[in-house]
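I have placed the structure first, in the form of structure tokens, so that the comments after it can refer back to it.
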Amino acid sequence: MAKAMRMHEVGGPEVLRWEDVDVPAPKQGEALVRHTAVGLNYIDTYHRSGLYPVPMPAIIGSEGAGMVEAVGPGVTEVAVGDRVAYGNAPIGAYAQKRTLPAHRLLKLPAGISDQQAASMMLKGMTAQYLVRRTYRVKAGETVLVHAAAGGVGLIMCQWLRHLGATVIGTVGDKAKGELARKHGADHVILYREEDFAARVKEITGGRMVPVVYDGVGKDTWDKSLDCLQPRGLMVSYGNASGAVPPINIGILNAKGSLYVTRPSLNGYVSKRDELVETANDLFDVVLKGAVRIEINQSYALSDAAQAHRDLEARKTTGSTVLTP
């Protein structure tokens, strides 16, 4: 038996309950992991609210780190005693222990702590595929990053600076703006006080940007398109403010033969070799110090409901860890 935050229905944070759960022994291709740290991500709120439906009862959570306690037959990726982390496995991280597919686990380098790993795997690998593959950012380019003080945003700002790009970041208040600046944003726009499309035009001298990274969704969609250069790429990778409404595809023509993509991490790391390559790229920039993983909030796993309230109220910045 182990403790876990389990939900029996969708709804607000109050549906998360601290309960005893059975933890099955690992079967063929599986490993049993004892968590030392669990990551908090906005997608967790989508699973909890029912926006992204999951079978009930459910243990949510997509990111964690810990130690392998047992492995099933045929497992070659990890061994008992290995420190491991994951950010692309079946949900179930909000637990003291869990059994999961071993091919989704990644061994941790000595220079990265369990807490760092639990707060960076999903967000960091998301940043990697966005800036290195969805649109391969080049030195000298100027890009727009929404929610620049969020978990993915802070990692992206640092990574983009490392690549030699100029970063324009949008944030909700001055404190978040300072945080984004410290992590690589060259220009900060307070989106509640300023017309961010007008500011992007001003900052770029009318050239606008080749790519917009948008994890906000409904509230930023329309003006984000106005920030793009002709044939620019709109990358809509999240919807913290709500889902983007149906659009008339003709608007992409009218605004300059634009491109739009709605990527997901799973689409880029579903194969084991892609997962390992993506994680190694992330580990490399962290170990070099080009990307710093800072944990700005920590909660007991049993207090995950409060963590959800704070996340949805936009009271958090950067990464948050839940401790089992």
* Asked: residue 262 to residue 79: FRET efficiency via 1/(1 + (r/R0)^6), r the Cβ-Cβ distance, R0 45 Å, to the nearest 0.05?
  -> 0.75
* To do: Provide the FRET efficiency to the nearest 0.05 for the residue 292-residue 139 pair, computing r from the beta carbons and using R0 = 22 Å.
  => 0.60
* Share of Cα-Cα pairs in region 123-265 lying beyond 25 Å, as whole percent -> 16
* Asked: Amide H of residue 97: which non-local residues (sequence gap of 5 or more, or other chain) have their own amide H closer than 5 Å, using H built in the peptide plane?
  -> 3, 35
* To do: Report the far tail of the P(r) of region 25-84, meaning the percent of Cα-Cα pairs longer than 17 Å.
  => 52
* Take the alpha carbon atoms of region 76-152, find their center, do the same for region 278-300, and report the distance between the two centers in whole angstrom. => 9
* To do: With a/c under 1.5 counting as rounded, go ahead and sort region 228-324 into rounded, prolate or oblate using the C-alpha gyration tensor (a ≥ b ≥ c being the square roots of the eigenvalues; past the cut-off, prolate if a/b is larger than b/c, else oblate).
  => oblate
* To do: Go through region 137-205 and name the trypsin sites (Lys or Arg not before Pro) that are in a DSSP coil and have 16 or fewer other Cβ atoms within 10 Å of their Cβ.
  => 138, 192
* To do: Assign unit charges at the C-beta atoms only (+1 for Lys and Arg, -1 for Asp and Glu), then state the dipole size of region 43-136 relative to its Cα centre in Debye, rounded to the nearest 20.
  => 320
* Could you calculate the FRET efficiency of residue 190 with residue 28 from 1/(1 + (r/R0)^6), where r is the beta carbon distance between them and R0 is 45 Å, rounded to 0.05? => 0.25
* Taking N as its residue count, the alpha carbon Rg of the chain over 2.2 N^0.38 Å -> 0.99
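Read the figures in this text as sums done on the coordinates, not as results from a lab. These numbers come from a predicted model, not from an experiment. No Cβ is skipped: glycine too gets one built from the backbone with ideal geometry, and neighbour counts run over all protein chains shown.
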